[in-house]
Amino acid sequence: MTMIKTAIVCDDHPLFRSGVVGCLSDNSGIEVVAEAADGESCIAKMKIFQPDILIVDLSIPAIDGFEVLAWVRTNQPDTQVFILSMHSEISYVQKAMELGAHGFMAKEDAQSELLAAISGSPKDFYTSESIGKQSRENLPRFSDYEFAERLRKVSDAEKRVLVLLTQSMTSREIAEELHLSVRTVQAHRVSLADKLNAKGPNKLLELAVRHRQTILDAWSVASDG
């Protein structure tokens, strides 16, 4: 007798969420036991149902997908978590791997690849076709402690830019937020890349997203001081 796996789907767009639920329901081995539209309700339902599988979008209200993933890894480590996102940057994929997700899929691939991801080996990290193959071995070897030490070299003006980079904002968006010129923001980014040893395209953004909490903690201390 085939064991039925239970699942929760969390996404704040009802039509997309309905499509994911429909996709899972087409598989006789999966039962969707609950849906959620934000991170807080997702965690509340995780506590009630303790599902085998969680499908969660990154950009959800209240508590984002990464925070939900971190909660699950601490409180319900046997649950397989698959991330769905419109963001396919390698930095997001790496952070999902680091936090213990079992897969990361571009939303455009969800309907065609979600069941394949779920049926794969629990030891493997699944990425959808639009993202490309990744592995846990590709994670940077830059620890939070080492990164925090490097942040000591960063000026307050540069930290403001770095904090906004953790939200994957563009130079133009950061310039508007901080009332600076785009050229000034780009100059700060060049300086940050040098001080943080972020060599290569998008490396600074990858570091900012991966070490988001370390950056926010450092900014909080600087602001309090």
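Each value in this text was obtained by applying a stated rule to the coordinates, not by laboratory testing. Values in this document were obtained by computation on a predicted structure and should not be read as measured data. So basically every Cβ, Gly included, is an ideal-geometry build from the backbone, and we count neighbours across all protein chains shown.
On a per residue basis, the convex hull of the C-alpha atoms belonging to the chain measures out at 136 Å³.
Please get the size of the charge dipole for the chain, origin at its Cα centre, with Cβ charges of +1 on Lys and Arg and -1 on Asp and Glu, quoted in debye to the nearest 20.
Details: 24 positive and 32 negative charges, 168 e Å.
Charge dipole, the chain, about its Cα centre: 800 debye, nearest 20.
What stretch of the chain, leaving out the sites themselves, is the longest with no trypsin sites (Lys or Arg not before Pro) in a DSSP loop having at most 13 other Cβ atoms within 10 Å? If you can, show how the numbers build up before the last one.
Details: sites that count: 123, 133, 141, 152, 153, 199.
In short, 1-122.
Against the chain, whose longest principal axis comes from its Cα atoms, helix 156-165 is set at around 20 degrees.
Translational diffusion coefficient of the stretch 1-101 at 25 °C, 0.890 mPa s, Stokes-Einstein with Kirkwood Rh over Cα pairs, in µm²/s as a whole number.
Details: Rh = 13.5 Å.
Reported coefficient: 181 µm²/s.
Within the stretch 27-114, list the GluC sites (Glu not before Pro) lying in a DSSP loop whose Cβ has at most 15 other Cβ atoms in a 10 Å radius. Provide the component values of the computation, followed by the final result.
Details: sites: 31, 35, 40, 67, 89, 98, 108, 113; in loops: 89.
Those that pass, being in a loop and sparsely packed, are 89.
Kindly provide the helix-only [θ] at 222 nm of the chain, computed as the sum of -39,500 (n - 2.57) over DSSP H runs of four or more divided by all residues, to the nearest 500 deg cm²/dmol?
Values: 11 runs with 114 residues, N = 225.
So the calculated ellipticity at 222 nm is -15000 deg cm²/dmol.
Who wins for biggest fluctuation among 161, 209, 93 in a Gaussian network model of the chain, springs between alpha carbons below 10 Å? With Cα springs under 10 Å in the chain, the top fluctuation among 161, 209, 93 is at 161. Computed over all pairs of different Cα atoms, the Kirkwood value for the hydrodynamic radius of the stretch 144-224 is 12.4 Å.
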